[in-house]
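The structure appears below as C-alpha cells.
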Amino acid sequence: MAERKGGEIIADFLVREKIPYVFGICGHGNVGLIDCLYEVRDDVKLVSPRHEQTAVHMADGFFRVSHQPAATMTSTGPGSANQIMALAVAQTDSSAVFSITANVPTSQFNRGPFQELNQHHQADFNNVIKPVVKRSFQPTRVEMLPLALRQAATTMTTGRAGPVNLDIPYNLFQESADVQEEPAWDGFNKRRSGASLDDVNKVADWLADAERPVIFIGHGVTLSEAGEELTALAHKLGVPVISSPNGMGCIDMSDPLSLGFIGRNGAYQANQAGRHADLVLAIGARFDDRSASSWKPGYSWNFPHTKLVHVDVDHSELGRNYPPDLAILADAKAFLQQLLAEIDRRGGGDAGRLKGWQTQIAGWRKEWLDFVQPGFETHSTPIRPERIVADCRKVLPDDAIISLDSGIHHNWFMQFWEARRPRSMLNTWGYSGMGFGPSAILGAKLAAPDKVCVSICGDGGFTMVPHVLCTAVEYNIPVVWVVWNNFAWGAIRDLQYAYFGGREYGTAFYEGPNQTPYNPDFAAWARAAGVAGHTVTRSQDFAGVLAEAVASNRPALIDVHVDADIRPPATGAWEIPPVPPKEPVFGGPWRP
C-alpha cells in the first residue's frame, strides 16, 4: 500500500499493460494526467493529433496492425464527444482501444459546471459513449481506479475485442490515496476458447461429404492470427476461400483458392461459388448486408438450401442473419487448429477430390477477368479507376499496408485488390466512417515503421480530416495519401443516378453558377503543411509518382484525378429499402 496520485496510478498501469502510445489532445480536464504521463514518456509515448476523431482512428489503426492496444486521452466535454464516430468504427470492426476521458470534478457533480452533461444524471458522459464501447467505467474515487483499469483492460481484449472507456472526474488525477495495484491483464489472443470435439468431428464429416464447399472468412480470422491455419486447411482439402474486406490477406489473394470478396462489389467467381455451394464454413464473419447481397437468396448465398457451419467468438453473431445448421462458439485459430488435427488424424485430407469444383470456379474466374481486363490496361485522362488499383498493385511491395476510407474508391479496392498478407488492408467496414483511412494510416505506420503505408482516400473523406498532414510532419510519420479526386461524393451520386431518375443534387462539388467542378488544390495544401504534394491527371504518370513518393520515405500526398463516370461492375446486389436493388451488371442470381 502506498499513497499515490490517480494520474500516477493510470500512467503506471499503462506501462504494465504494455500500452505503448496515448493518442490524445490536451484540455483543462486532463492536464493533471498529462503531467503524470510525462514521468513515463520513455515507455508510453504521447502523440497529439489535431482532432480527437483522428486520435481514436490512429489507435484503431495501430491495433489492427500490431494487435497491441493503444490508449486515447481527451478532455472534458467536446473533446470526448469528438471521439464518438471513431469509437463506433472501432467497435463495429472489433478494434481494442483504451479510451480515457476526463469529466467534471466530483465536488461539482450536478451543479452545471463547465462542460457537464446533467440533463438526466450528473456527469452523464457515460450515456453518450455507451453505445460505441464494450463498457464504460466511471470511478469516482482514487481507490476505485486500480480495479476499473484492470476490468477495462480485461473487457477490451476478452472474446471479441473492442473499445472500452474510463470516464474519470478530473480531480482524481491529482488526488491521492493508499491503493493496492491490480495485476496487468495483457490478454489479447492469450486465452482462446475452442470447440467441442463432437462439433469438430461433425465439421470434418461434412467437409468430407461436400461436393461444392467454400470457406467464408471475416475479421475474426485476422484478429485471431489464424492465416497460417486457414491456408493449411484450404490446401489440405482443396476448399476455396471467400473473404470479407477485413479478412483479406489471411490467405494470399494470389492463391488460386482465394476467390476474393463477395456481394454487390465482389468478384464474380466469389458470388458464383457462394450461390452454388452446398456447404459454407463461415469463420469469424458476420454475413452483413454488403457481403450477403442484402440477404437476398441467390445473389450471394442460398441459405437454407446450402448447409451452414458458423464459427465465431461472439455468441451474438451466431444466427444473427442466417440460422446455422451448426453454430460453434470458438476462437478462429483454436477451432482451425482442432479441425486440422482431426483431418490429420483421418489421413490428411484429399486436395484433389474437389478438382471438378475448382475447375468450375476457374471458368467463372476467367469469364470475370476477360470482362474486366480491358479497363486495367487502358490509359486515359481523367484516369480510369482500374488503373489506380493496377498501379498500386504494381508499385507497392507485397507487405505494404493500405487503408481505405468510405467511398467509391473502397468499392473498387474491395473488388480488385489482392492483399498478400494479413493485416495489410484496413477498412472502415461495419460503420463506414469517413476520415478513418487518412487517420488510421498514421497509427498503422507507428505500428509497422518498416512497412510501406499508403492511404487511398476519397476527396470528400480527406477534406474531413486534412489536419492529418500536420500530425505526419510533427511526428515524422512517413505515410503516403492517394486522394481519389472525382469532384463528388461519388458513391452517393451514383446512387442518385441509379435510383432517382439520373438527377444529381448535393453530391457533386461545384464552384459558382456555371457549376465548374471544384476541389481545393490538394497538392498545394499538402505542401503548405510541409508534406510533399503531387498532382496526377494522366494515367501514364501515376505509377512513377507513387514509386517516387514511397521511395522518399517522407510524408507525401498524391492528388489523382479519377474518371467519375466509370462505376464498379456489380456482381451481387445491395438494397436500400424500400427501393428495389439493381440486378447485377455481370452474371446474375441463381436459385435452386
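Assorted remarks:
- A simple spin-label model places the labels of ARG346 and LYS45 4.9 nm from each other, with each point 7 Å out along Cα-to-Cβ.
- Residues in the stretch 107-134 reached by a label modelled at GLU175 [backbone nitrogen below 12 Å; 7 Å Cα→Cβ]: 107-109
- For the chain: rounded, prolate or oblate by the Cα gyration tensor [a/c cutoff 1.5]: oblate
- For the chain, a crude dipole built from +1 on the beta carbon of Lys and Arg and -1 on the beta carbon of Asp and Glu, taken about the Cα centre, is about 800 debye to the nearest 20.
- From phi via Karplus (6.51, -1.76, 1.60), per-residue ³J(HN,Hα) for the stretch 144-149 in Hz, x at Gly/Pro: 8, 5, x, 5, 4, 4
- Whether the stretch 31-133 is rounded, prolate or oblate, judged on the alpha carbon gyration tensor where a/c under 1.5 counts as rounded: oblate
- As a proxy for reagent exposure, TRP590, TRP206, TRP364 were ordered by neighbouring Cβ count within 10 angstrom, fewest first; the result is TRP590, TRP206, TRP364.
- For ARG353 and TRP590, a Förster radius of 35 Å and the Cβ-Cβ distance give a FRET efficiency of 0.90, rounded to the nearest 0.05.
- Counted by neighbouring Cβ atoms within 10 Å, the residues TYR505, TYR431, TYR299 run from fewest to most as TYR505, TYR431, TYR299.
- Across the stretch 318-337, no residue has a backbone nitrogen under 15 Å from the label position 7 Å along the beta-carbon direction of LYS18.
- Per residue of the chain, the DSSP helices (runs of n ≥ 4 H) give a summed -39500 (n - 2.57) that works out to -11000 deg cm²/dmol at 222 nm.
- The protection proxy used here, the mean number of other Cβ atoms lying within 10 Å of each residue, ranks peptides 182-195, 21-34 as follows, highest first: 21-34, 182-195.
- DSSP finds beta bridges in the chain, and of those with both partners inside it, around 10 percent are antiparallel.
- Theoretical FRET efficiency, 1/(1+(r/R0)^6), r = Cβ-Cβ of LEU147 and ASP198, R0 41 Å, to 0.05: 0.60
- Pairs from the table (LYS307/LYS355; LYS190/LYS333; LYS18/LYS190; LYS18/LYS134; LYS236/LYS451) lying more than 23 angstrom apart at Cα are LYS236/LYS451.
- Here's how it looks for PHE137: its modeled amide H is under 5 Å from those of ASN165, LEU166, ASP167, which are all 5 or more places away or on a different chain.
- Extension gain for GLU548-LYS366 works out to 62.1 nm (0.36 nm per residue, less the C-alpha to C-alpha distance).
- Taken along the Cα-to-beta-carbon direction at a fixed 7 Å, the label points for THR106 and PHE500 span 5.2 nm.
- Sequentially through the stretch 11-23, phi angles give Karplus couplings (6.51, -1.76, 1.60; θ = phi - 60°) of 4, 5, 5, 4, 5, 5, 7, 6, 8, x, 9, 10, 9 Hz, Gly and Pro residues having no value and appearing as x.
- Each of the peptides 320-332, 255-267 was scored by the mean count of other Cβ atoms within 10 Å over its residues; in descending order, highest first, they stand as 255-267, 320-332.
- Separation in nanometres of the label points that stand 7 Å from Cα toward Cβ, at ASP450 and THR378: 4.2
- Using 0.36 nm per residue and subtracting the Cα-Cα separation, the extra length available between ASP252 and GLU418 on full extension is 59.0 nm.
- Protection-proxy order for peptides 375-386, 480-491, each taking the mean of Cβ atoms within 10 Å per residue, highest first: 480-491, 375-386
- Between LEU340, GLY218, GLY274, the Cα set farthest toward the positive side of the dipole of the stretch 197-362 (charges on each charged residue's Cβ, about the Cα centre) is that of GLY274.
- Residues in the stretch 52-62 carry Karplus couplings, in order, of 5, 4, 5, 4, 5, 4, 5, 5, 4, x, 4 Hz; the curve used is 6.51 cos²θ - 1.76 cosθ + 1.60 with θ = phi - 60°, and Gly or Pro positions show x.
- Which of TRP484, PRO382, PRO256, positive extreme of dipole for the chain (C-beta unit charges): PRO256
- The overall shape of the stretch 197-362, judged from the alpha-carbon gyration tensor, is rounded, with an a/c ratio under 1.5.
Laboratory data are not the source of any read-out in this text; all were calculated from the coordinates shown. Since we're looking at a predicted model, the values are computed, not measured. Cβ: placed from backbone, ideal geometry, glycine included. Neighbour counts: every protein chain shown.
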